[in-house]
1. Against the longest principal axis of the chain, how steep is helix 560-569, in degrees 0 to 90 to the nearest 10, with axes from Cα atoms?
2. Expressed as an acute angle from 0 to 90° and rounded to the nearest 10, what is the orientation of the C-alpha long axis of helix 38-50 relative to the principal long axis of the chain?
3. Computed from the mean reciprocal separation of all distinct C-alpha pairs, what Kirkwood hydrodynamic radius does the chain have, in Å?
4. How much of the accessible area of the chain, probe 1.4 Å, is carbon plus sulfur, in whole percent?
5. Can you tell me the order of 759-771, 59-71 when each peptide is scored by its average per-residue count of other Cβ atoms within 10 angstrom, highest first?
6. Averaging over every viewing direction, what projected area does the convex hull of the Cα atoms of region 531-584 cover, in nm²?
7. Per-residue ellipticity at 222 nm for the chain, helices alone: DSSP H runs ≥ 4 residues times -39500 (n - 2.57), over residue total, nearest 500 deg cm²/dmol?
8. State, as an integer percentage, the relative contact order of the chain based on alpha-carbon contacts under 8 Å between residues 6 or more apart.
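The values are calculated or read from the model by the stated rules, or taken from the named source; none is laboratory data. In this text, all values refer to a predicted model and were calculated from it rather than measured experimentally. Counting neighbours? That spans all protein chains shown, and the Cβs are built from the backbone with ideal geometry, glycine included. All accessible areas refer to the heavy atoms of the entire protein, side chains included, with ligands and DNA or RNA removed. Shrake-Rupley method; radii C 1.70, N 1.55, O 1.52, S 1.80 Å.
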Amino acid sequence: MRPLRLDLKNFTAFRGEHHLDLTPFDVFAVVGPTGSGKSSLLDAMTYALFGYVERVGKQVGQLISQGQPRMSVSLEFDVDGDRYRVVRSTASRGASTIRLDRAVGDGWQSYGEGADRVRDATEIIKQLIGLDYRAFTRSVLLPQGTFAEFLTGDAAERRQILVDLLGLTLFPRLGERARGIATEAATRADADSAHVEREYADATAAALAEARAAAKHAAARELALASAAAKVDAAAQTWAEAERSVRDLQSCAAEARTLSERAEEAEAAVRTLSDNATVAAARLAEHRTQAAAAEKRAERASRDRATAESRWGREADLTAAREQAHSLQRLRGAVASARERADADAALIATRSADVDAAERAAAASVSAVAKARSARELAERDREAARHADHVAAAAAGLRVGDACPICAHPLATTPRRTSSVAAELRKAERALAQADRMLAAAERAAAKDERDRDRAVAASDAAATEAERGAAEVGRAQAELKAATARLAKAFRGPLPPDPLAAIEERLASLAQLTVADEDAAERLDACRETALIAERALAAVSGEVAVHVAGLRAQPVAALIDRARRLGVTVAASRRPAFDPPEASGDAAKPANAVRVADAAGRFAGALAELALSLEEAGAKRSAAETSLLAEAEAAVGSLLPSPGSLTGLAADVAEERRRAAADAATSAADAERIATRIEARSDLERGIAALRSRAVTFKALANELRADRIVAFLQDEALHVLAAAGSERLARLSDGRYRLSCEDGDFFVIDTWNAQERRSVRTLSGGETFLASLSLALALSEQVRSLSVAERARLDSLFLDEGFGTLDPDSLEVVVEAIDQLGGDGRLVGLITHVRDLAERFARLEVEKSPRGSRLIVGD
């Protein structure tokens, strides 16, 4: 990760907008006075990337420039040749916002899902640069206070930083994948084993031998049955020629029997239809009578309803009139209420007028009382002034005699006033009288003010009552007008004067009309029902007639002549007098009449009896011809022997032998196929068992690999190797920086320093002084920046930048020269190296970025 451009707005000391292009630099130094904001440049980077700054944590709102409402930082950076830009902003009151973009051509576009949500965008940035905040500030950007933490900090945290830097999370993931493969292989092996035990349990050598023996036995039985079948078939063929005539005779007899049964069924059906016709005719007469009565009732109900509607109007008219009646009742109540309110308003006006008169009299009395109180006060005030004058004169003439000059007017005194107790008492009495007069005047004025307010309220109340009375009178007028209009509308509905209770009259008419409507509808429904039942009865009677005709046609269509002809060809002659014939007597009128149906049934009975006699004679002729089967059956049974039992007939025996022969052939084929199938399944079972063995071997191999890839093995090993490599590389730099005195070593994840000036003493790096700790930390930081590419297993772990923010002031000139050389070399390898320093000699060796401090805020100046 390499920063390319940093834009600040109202961030700490940098008020307003400031822009820093880092692309021209390989190594640069930031210099400026204390408090100017040098370290804020590094803080701005961690704020933009992680929303976190070491000195304030997540309380980044404290970094907004004094008096400004919001701050924002934009950082463009490169990761493996791809450019990104993150813009993070925080208001003095409110949450932070973020936007993460990627460079596409010459422009920018949003990174994608989550790029505008603080939490999601911060996680994306961590994935892009491969470091979280802790790892970033201990390997790439080393701010004040954390410079030495990678050297002297917690070993577990140092190991975790190496996991992120070197991409070592790959190995636990590989371990999990290997463990998953092992588990999957073991699961498949167990499933295949269960499948073999369940599906291939019969695939054994014993089952194969048994199947082959069964196939051999079935083949031998098929040969024996084939020999017997030839003899049985010869006897059966002989019998077949005789049997054909027997079957024909039996067929003719069966046909005659069937025709006889049909005739009997027709006889029974026609007799039932005769009964049904009697019932249907009676029902038809009854339903026609009911329909005529229902038609009269329906006509009467319809006339009653029409009469009522012509007198009162339709239901909709009455419903509208009912609403008008309700409105009339409400308007009558409204008129009464308005009149009551008008009467109350008139009474209230009289009361308010009386209140005004009383209030005006009280106000006049109060004015008179105030005037009297004022006169009394003026008198008391004159008395007090006279008493006060006498007291002052007595005080001024104290010690003078008659003839002395008056101290006030300079005339000789005719008398000499004395300041006695009576003069003082008169003064006090006059003052008390004046105070009493003041209190009485104040009370009179308060009473007068109260009476005046009461009079004003009484006048206002009287005016309000008059206004309300006027409004009430107008309301009475409006209500009466509406009542009159409603009465006129309702009178039209009644077609004359209104009854005493219009609403009750309308309700009564509605109820009567509803009853008439229901009666009309019920009568119409009953008429429809009667007509429907009469129609059903007519259809039933017609159906009876049709069914009788169908039976007559069916009996006449029986193939009796063809049957007699077949019997003659088979050698059975039927006398003409005994030949069956259906001859119902002709009857006039409807065929559904009971008398006609009975005659048809009698003819059907005679026809059925003649057919039954014909069937019996044909059956007797067939029985005589079938006697030849017995001798042929004996010959066939002898040929079959014990191969299968005889069914007692030649035809059945021939069929059984053929079926058994087919069964034996099928058994032989099935047994052979079973043997072949079992052999195939035995081979498949062997293949599956070899596959199961391979899966179990794969599971063992990957389980062992997963154990080796555990974090406490391969990752710990690689961490230890990396720490030893870093210690070795850092030792070379530390030896140069410390003039050969110190080297670094690593053991159990902790760094130690070896003091070559003190008998190779090995001690913790935490025992070094501040300057020595800086040299060791700088050596390790430079080594980490150089070696991370060779140690990393992930390309993203490359450290393309390094920023240092402390400690250069503790170096002597020789050490400083070595540091400059190392930093210059590190920058020459394609990295961006930034230094925050107060050492002007160090800054002048590289491109400089001056931070100028002023009361209006700091500003950036790029130097040579």
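1. The answer is roughly 50 degrees.
2. So the helix axis and the longest Cα principal axis differ by about 20 degrees.
3. 47.2
4. For the chain, the apolar C and S fraction of the accessible surface comes to 52 percent.
5. In decreasing order of mean packing, 759-771, 59-71 become 59-71, 759-771.
6. Taking the Cα atoms of region 531-584, their convex hull projects to 4.7 nm² on average.
7. Value at 222 nm, helices only: -24000 deg cm²/dmol.
8. Numbers: 1135 pairs, mean separation 235.2, N = 864.
Reported relative contact order: 27 percent.
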